[in-house]
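*Asks:* My questions all concern the structure below.
The values are calculated or read from the model by the stated rules, or taken from the named source; none is laboratory data. This is a predicted model, so every value here is computed, not measured. Every residue, glycine among them, receives a Cβ derived from its backbone with ideal geometry; neighbour counts consider all protein chains shown. When the accessible area is computed, the model is the full protein with side chains, heavy atoms only, and any ligands, DNA or RNA have been set aside. Shrake-Rupley method; radii C 1.70, N 1.55, O 1.52, S 1.80 Å.
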Amino acid sequence: TDLLEFSEDASGVPEGNKKSINKQGDKSKENTRKIFSGPKRSPTKAVYNARHWNQPESEALPAPPVLKTPSVPVRLSSKEAIHKDDGVFKAPAPPPKVIKTVTIPTQPYQEIVTALKCRKEDKELYTVVQHVKHFNDVVEFGENQEFTDDIEYLLSGLKSNQPLNTRCLSVISLATKCAMPSFRMHLRAHGMVAMVFKTLDDSQHHQNLSLCTAALMYILSRDRLNMDLDRASLDLMIRLLELEQDASSAKLLNEKDMNKIKEKIRRLCETVHNKHLDLENITTGHLAMETLLSLTSKRAGDWFKEELRLLGGLDHIVDKVKECVDHLSSDENEEKLVASLWGAERCLRVLESVTVHNPENQSYLIAYKDSQLIVSSAKALQHCEELIQRYNRAEDSICLPDNKPLPHQNVTNHVGKAVEDCMRAIIGVLLNLTNDNEWGSTKTGEQDGLIGTAMNCVLQVPKFLPQEQRFDIRVLGLGLLINLVEYSARNRHCLVNMETSCSFDSFCTGEGDDSLKITGQIDAVQALVQLFLERERAAQLAESQTDELIKEAPTAQHDKSGEWQETSGEIQWVSTEKPDSTEEKDKKEEDDEELDLNKALQHAGKHMEDCIVASYTALLLGCLCQESPINVTAVREYLPEGDFSIMTEMLKKFLSFMNLTCAVGTTGQKSISRVIEYLEHC
């Protein structure tokens, strides 16, 4: 066999051999690209060109290898021979890249499995990335990482070893971040609030730092979520409340720097809900008080009631109430008047929440500074009674004895709204302080004119309120009177010997029924019996009207919108087209039914209100009759035929209603049962 040797230099090849070889190269261009132009080299030295578009053209390719000895004829390789005979013998098709495999089950419960497999050498080069996270997970991770970086950076600036200016700037930066609800959510989710305030525990020693800390507390209190305060944070808040503005403090910044801090805090507070905040009075005490007043026991937990008392927070709130009440008698400007009413109402709301079912707080507030809270509440209630007549929000004219309509004010009057809210808050606090508490009832009843004011809240004040507010204030007044007379003989004596006017709406009951019409000043017992009889009759009337509406309710009619038809062995509902007149008739019937339903609901609501007012009035009269035969005689004198059965029947219905809606065995149910038993033996 002749050996073929390849040479890099093709210059020594004869001219005729060159032409023949070039002709063969033209016939198989594709094959010439696969032949290396140089000598045999190791495959490891081959260079991979990833830029396939830079392949050289066929003319630029080096000449194919030739024999060194010109006398020896050139033999074609086996590959060239195969391609030369492509017309006769075709090369077999390459094996498929994707192979379909079918796995036959070996067990009866298995299924046939079909899979597509690809050989490793046919797979393209690619990178497999495992455990790829979802888009939402990536976003959440980024947010958490950003929060972690921010909080670590800011916490490093809050430490006590940092300069004072750095600490103030870090607190304001953190407060700015906390203005965003998402950042506050992260801060609470990671439990960082307590850590922040622990780092700022010494802030009360620096006036500027205490101001920034109070601003941070105020921003965090803007959420309606639970305020995750601990005892240390609440203690810091109370200490900030006690700070006095001392301009001669040694650690006070100069006036220019302090004004800069206040301006930053003012701009920051403008970005959040600041309805009750005085932006012109940015002080540490003001911000801390607003933060405290935004908290309730429901938001901060039951421990908040006790800790607020032990740390002295209740003292500051009671003093704030006294301050606001003192301004009610001196403020002539409506804006200042509204501010005082709102301030007193917010303080009283917090006190109301911390005294519910908490005898320790009740006793503490009754004894604090010789019943200062009760004295302030009594004065505030009397001021509100006067103001509500000046700023009434009644929508319609009231039926009065002299047929004179009320001086009508603007329904949207914000002063009247503030007065109404303050009245409800005052009575709510007094209800808690007098509930099952003889000491609280006696102290409250001793206040000059309070029992008379409570009677007016039941009989006269509702006429100055919008229609939807009258029931609330009347029930609150009756509840306060019940608490006052239940355990205090002195209060019972005062109420029985009191004279008052009859209820404002007693002349609007029943056309032509003059049996209940009374004019002028009458005894309080007579006015209460009159109110009970009117509400009881109104409840019976509403009940009868509701029964008539139910009886007149239309019966269910056959649905004529279509019919059942059997098609292809199935039963289907086929709707029929209605003429326009039929559709209008059906729409009118639906409107009439909706109107009847609304009318029935209105009657039911009116019936419920009348029943509750009558029941509360009967309970008040029953408490007056306890342990006093004289009061029993006085009440019997104004009842029809002197019979207490009408009162006991109403109280029994009310007791059944309470058993359905309240926990069995509560104090109110026990009191009602005791009164019913007493009246049945009268």
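*Asks:* Using 0.36 nm per residue of separation minus the Cα-Cα distance, give me the extension gain between H681 and E280 in nm, one decimal.
*Replies:* Taking H681 through E280 to full extension adds about 137.9 nm, to one decimal.
*Asks:* Going 7 Å from the Cα of L639 in the Cα-to-Cβ direction, what parts of the range 458-484 have a backbone nitrogen less than 19 Å from that spot?
*Replies:* Only 482 fall inside the zone, counting backbone N under 19 Å.
*Asks:* At R0 = 56 Å, how high is the FRET efficiency between T114 and E270 if r is their beta carbon distance? Nearest 0.05 is fine.
*Replies:* Calculated value: 0.25.
*Asks:* Could you check the spin-label model distance between Q669 and E124? Points 7 Å from the Cα along Cα→Cβ, value in nm.
*Replies:* 7.7 nm
*Asks:* Hey, another quick one. As an exercise, use a Förster radius of 41 Å and the Cβ-Cβ distance of E386 and A179 to find the FRET efficiency, rounded to the nearest 0.05.
*Replies:* 0.50
*Asks:* May I ask you to rank W303, W439 by accessible area, largest first, using a 1.4 Å probe over the protein chains only?
*Replies:* The most accessible residue leads, giving W439, W303.
*Asks:* If you don't mind, another one. Pull out the extension gain between S363 and L164, defined as 0.36 nm times the separation in residues minus the alpha carbon to alpha carbon distance; nm, one decimal.
*Replies:* 67.3 nm
*Asks:* A further question on this structure: I want to check the label-to-label distance for S656 and H131. Put each point 7 Å from Cα in the C-beta direction and report it in nm to one decimal.
*Replies:* 6.8 nm
*Asks:* Still on this model: Taking a 29 Å limit on the Cα-Cα distance, which of the listed pairs K305/K653; K322/K443; K443/K670; K256/K320 fall beyond it?
*Replies:* Distance filter (> 29 Å) returns K305/K653; K256/K320.
*Asks:* How do the peptides 384-392, 142-150 rank, highest first, by the average count of neighbouring beta carbon atoms within 10 Å per residue?
*Replies:* Packing order, densest peptide first, comes out as 384-392, 142-150.
*Asks:* Would you calculate the separation in nanometres between label points at Y153 and V98, each defined as 7 Å from the Cα along the Cα-to-beta-carbon direction?
*Replies:* 5.1 nm
*Asks:* Quick check: residue separation of V356 and A194 times 0.36 nm, minus the Cα distance between them. What number comes out in nm? Numbers along the way, then the final one.
*Replies:* Working: separation 162, 0.36 × 162 = 58.32 nm, distance 2.72 nm.
Separation in residues times 0.36 nm, less the Cα-Cα distance, equals 55.6 nm.
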